[in-house]
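The values are calculated or read from the model by the stated rules, or taken from the named source; none is laboratory data. The structure displayed is predicted, hence computed values, not measured ones. Counting neighbours? That spans all protein chains shown, and the Cβs are built from the backbone with ideal geometry, glycine included. For accessibility, only protein heavy atoms count, side chains too; no ligands or nucleic acids. Shrake-Rupley method; radii C 1.70, N 1.55, O 1.52, S 1.80 Å.
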Amino acid sequence: MAKPKDNPNYKVVAENRRARFDYAIEDDLECGIILEGSEVKSLRQGSSNIAESYAMVEEGELWLVNGYIAPYEQAKTFQHDERRKRKLLVSKKELARLWNETQRKGMTLVPLVMYFNHRGIAKLKIGIAKGKKNHDKRETAAKRDWNRQKQRLLKEHS
């Protein structure tokens, strides 16, 4: 996701770099997050982690499970729970599609990036993914290494 140069509000807060290594991402979707006040302030400081989290459809709602948002130090009395389930906002049509993908096709909902959009609103990009086997992961690593080596060779000979 490229950062717009003219927009001061856009900011990536957390990124799940392992997701593209562990999963074959077939589609992605931007959704809103319901947050408490101290969570927003903590996110603005950039203290969160979505690496070991996942999303799931439960009772007709979409949830982010095990996402970490660090406690906000200045909020003394109204402190939030760091790893609570957070509701994600999507349309009913998208929710039905996500439920279909996870329940019928055996796909997984993996958080990819948590960011503030150009309007300053916290968003989460989730990927609809299928888990990779070990030989697929080795193939991905080999392809990445070859591309890196190819870039070095091109740089040396030009």
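A few points about this structure:
- When peptides 42-48, 89-95 are sorted by average Cβ neighbour count within 10 Å, with the highest value leading, the order is 42-48, 89-95.
- Whole-percent carbon and sulfur share, accessible surface of the chain, 1.4 Å: 49
- Pairs from Lys125/Lys150; Lys92/Lys123; Lys87/Lys133; Lys105/Lys132; Lys87/Lys123; Lys41/Lys85 whose Cα-Cα separation, in the structure shown, is over 21 Å: Lys125/Lys150; Lys87/Lys133
- Candidate values (i) 15.3; (ii) 18.2; (iii) 17.4, label of the one derived for Kirkwood radius over Cα pairs in Å: (iii)
- Taking the helices alone, the chain has a mean residue ellipticity at 222 nm of -9000 deg cm²/dmol, built from -39,500 (n - 2.57) per DSSP H run of at least 4 residues and averaged over all its residues.
- For the range 44-55, 3J(HN,Hα) computed residue by residue from phi via the Karplus equation (6.51, -1.76, 1.60; θ = phi - 60°) reads 4, 7, x, 10, 7, 8, 10, 5, 9, 9, 8, 10 Hz, glycine and proline entered as x.
- On a per residue basis, the chain carries 65 Å² of accessible surface, using protein heavy atoms and a 1.4 Å probe.
- Net charge over other residues, Cβ less than 10 angstrom from the Cβ of Gly120 (K, R count +1; D, E count -1): +3
- Taking the average, over residues, of other Cβ atoms within 10 Å as the packing measure, peptides 112-125, 131-144 rank 112-125, 131-144 from highest down.
- Applying the Karplus relation 6.51 cos²θ - 1.76 cosθ + 1.60 with θ = phi - 60° to the range 122-127 yields 3J(HN,Hα) values of 5, 10, 10, 9, 10, x Hz, where x marks Gly and Pro.
- By the rule of a C-alpha distance below 19 Å, with chain neighbours fewer than 8 residues away ignored, the aspartates and glutamates paired with Lys143 are Asp22, Glu26.
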